[in-house]
Each structure stands twice: as C-alpha cells, then as structure tokens.
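The values are calculated or read from the model by the stated rules, or taken from the named source; none is laboratory data. Nothing here was measured: the structure is a model prediction, and the numbers come from that model. Here the Cβ is made from the backbone with ideal geometry for all residues, glycine too, and neighbour counts use every protein chain on show. Accessible surface is based on the protein model in full, side chains and every heavy atom, while ligands, DNA and RNA are left aside. Shrake-Rupley method; radii C 1.70, N 1.55, O 1.52, S 1.80 Å.
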Amino acid sequence: MIKSFKAALAAGCIFLSGASTGYSAEELKWAHVYEDGSTYHQQALAAAAEIKERTEGRVDIKVFPASSLGKEVEINEGLGIGAVDIIYTGPSFVERYYGPIAISDYPFIMRGYDHWKSYRTSDLFKELSEGYHEATGNQVLSLLYYGMRHVTSNKPILKPEDMKGLKIRVPDSPLMLMFPKAVGANPTPMAFSEVYLALQQGVVDAQENPLPTIKFKKFYEVQSNINLTGHLLNSLLIIASDDAMERIGEADAAIVREVMDKTAMVVSDEIRQQEDDLVAWFREQGVTVNEVDRKPFQDAVLPSLTGDGVPYTMEQFERLGAL
C-alpha cells in the first residue's frame, strides 16, 4: 500500500508540474497605424508588458505599429474576422458600424480637454459603447485623447474663405468631410501612411491633425504653415473583439480592461502636455504657426451639427453639451 501511495503521489506531482509549466500563453495581436516612436505605440508596449506580468504570462500581447497589419479601415474589418484582436481606432472609423459613438469627433462639439474627460467617464459614453458592442460584437476598452486637430498648409489660413477650393487630405470617414465642406474646401480621403508623400508631391495642398501627430509624422517638413483652427477634438478608442476577451477568460480580461483604461489616461495626459509645448517648438523649427479666430469656422459648421444626416440624436447632442 505504501509503495502504491508513493507511486500515485509521484505521478500526481509530475502531472501537476506539467500542468503548471506546460500551458501555452494566449497571444493577442494589437494593431494600429501610428509610428513606433509615437506615444501611442510606446504606451501600448508598456501596457502589453504589464498585462503579461500581471497575468503571469497567460496573456501575451504583440503590438504591430505603423499599419503593418493594415490601414485603419482594414484593422477595423480585421476585428470581425479574427485577423487582429485589439486596435487603436478613431470614432470616425467606428461610425460606419455604429454611428452615435462618433459624436465626440464631430467639429467643435467638444469644448476642451476637461469636457472630454467628463465625457469619457459619463453614462453617455458607457451607453454608446454598449450600443457599439451590440452592433459589432467588439468591446470598447477605453477612450484616449488624440488632440485638437489643426490645418497645415503652404499659406496662412485665418478665415473660412482662405480654405475655399483647398485640396485637403482627410481620413477616409464620413464625419471628417463635414468641416472642409462647410468652409468650401475640397476634402480628399487618403490613408494615413500616404499623406507625407502626397503633401510632398503636391497631390494635396493641406492636411489636418493634432500637433503631436504633425511632429511625429514630420508633416511640418512639407508644409510651411500650421493654422490653429482647433476645429475638432479627436479621440481614439481601444477596442477588442469578443472572441479575444473570451479566449483569455474573465479574470484576465478584467486585468486587460484595467490596464488599458490606465494606459489611455497616461497617453492622454502626455499628448495634452505635448500640445502645450509644441507651438514654441514648431516656431523654433522655422514653421509659421498662425493663431486663428475660431468663431467664423464654428459658425460655418454649426448648421451641419444639428441638421439632417448626423448619426446621433438631438438628445445625445444636448447631453454631451451639458457635461
């Protein structure tokens, strides 16, 4: 009996040892379109490392920057077919799947960073995230600040009339057409990775992005003027597929959600600080940075914000304004 007990005990130890060391980590692919030196990518790497440590290696997130797994439209589609598991993406791209969640990205609808912070923790954002989940089967993990978008060009833009006929690159999403159309510009949808060359070769005359993006994509090398239109406060969503979150189990999924939300605010505060610092930096590089009276631009856009064709309701519009 003693020999049998020892044999059984030894076999059990071997089994338990194998169980504790023989598991395979669940590998998730996190795709985005931003450069590997950007805050977005660096903080994604930090989040992946923290998640791996806190899950004791059970969740191993590999981050793929700079459109290496596809451009913005492609990585959004990739969530649905399992080609990617997690993405950074703009509400303007998510609009095509569930329109109301794009409300925060419409021109002049957000008043500033504090207003944006109130929105990201609001019941309204929670409801819109749930609506997106019901429509797509993908989960919004958090919202992060991308920055105030400004127009760059090779001439000063100080009033809406200065944009008349201007061929301006915009992201390939419906809401991004509203601002340039309202001021008489000629919006040209184009993938993010193609913009620098298009500006350099004169395929387009202008583009619009936040100051940190203008810096790390080096658009200031091929545009002489940065015009502080501040026409849109842009966000990014961190989104994961239901399949990915189910594969890692609820306990580890809770860790992922916690780390992603913390990472979103780290990125947001960094980007906001960069915005404060970059006007002086661009001027040191010899770029002309133009202060702009935004009210004429706001007045041009306002009828479109409350007119037919917007994907949000007037009740949602008023709730956002009241935050």
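What residue, of Val266, Val279, Val301, is β-branched (Val, Ile, Thr) and crowded, with 17+ Cβ neighbours inside 10 Å?
From the options Val266, Val279, Val301, the qualifying one is Val301.
Looking at Lys126, Lys155, Lys117, which is the one that is under 26 Å from Ile226 (Cβ atoms), assigned to a helix (DSSP H, G or I), out of contact with any Leu (no Cβ under 8 Å at 6 or more places or on another chain) and open to solvent by 50 Å² or more (accessible area, probe 1.4 Å)?
Exactly one residue qualifies, and that residue is Lys117.
Output the residues belonging to the stretch 200-231 that are over 20 Å from the mean Cα position of the chain (by Cα) and either at pLDDT below 95 or closer than 17 Å to Val289 by Cβ (or both).
Listed by number, the residues that qualify are Ala206, Tyr220, Glu221, Val222, Gln223, Ser224, Asn225, Ile226, Asn227, Leu228, Thr229.
Please state which of the following conditions Arg247 fails to meet, knowing it meets all the rest: (1) assigned to a helix (DSSP H, G or I); (2) in contact with an Asp or Glu (Cβ under 7 Å, 6 or more places away or on another chain); (3) under 23 Å from Pro91 (Cα atoms).
The one condition Arg247 does not meet is (3).
Anything in the stretch 130-144 that is part of a helix (DSSP H, G or I) and open to solvent by less than 20 Å² (accessible area, probe 1.4 Å)? List them, or say none.
Gly131, Tyr132
Just name the residue that is most open to solvent (accessible area, probe 1.4 Å) out of those in the stretch 203-244 that are farther than 30 Å from Val183 by Cβ and out of contact with any strand residue (DSSP E or B) (no Cβ under 6 Å at 6 or more places or on another chain).
Asp243
Sort out which residues of the stretch 304-323 are surrounded by 10 or more Cβ atoms within 10 Å (Cβ to Cβ) and hydrophobic (A, V, I, L, M, F, W, C), and write them in order of number.
Leu305, Val310, Phe317, Leu320, Leu323
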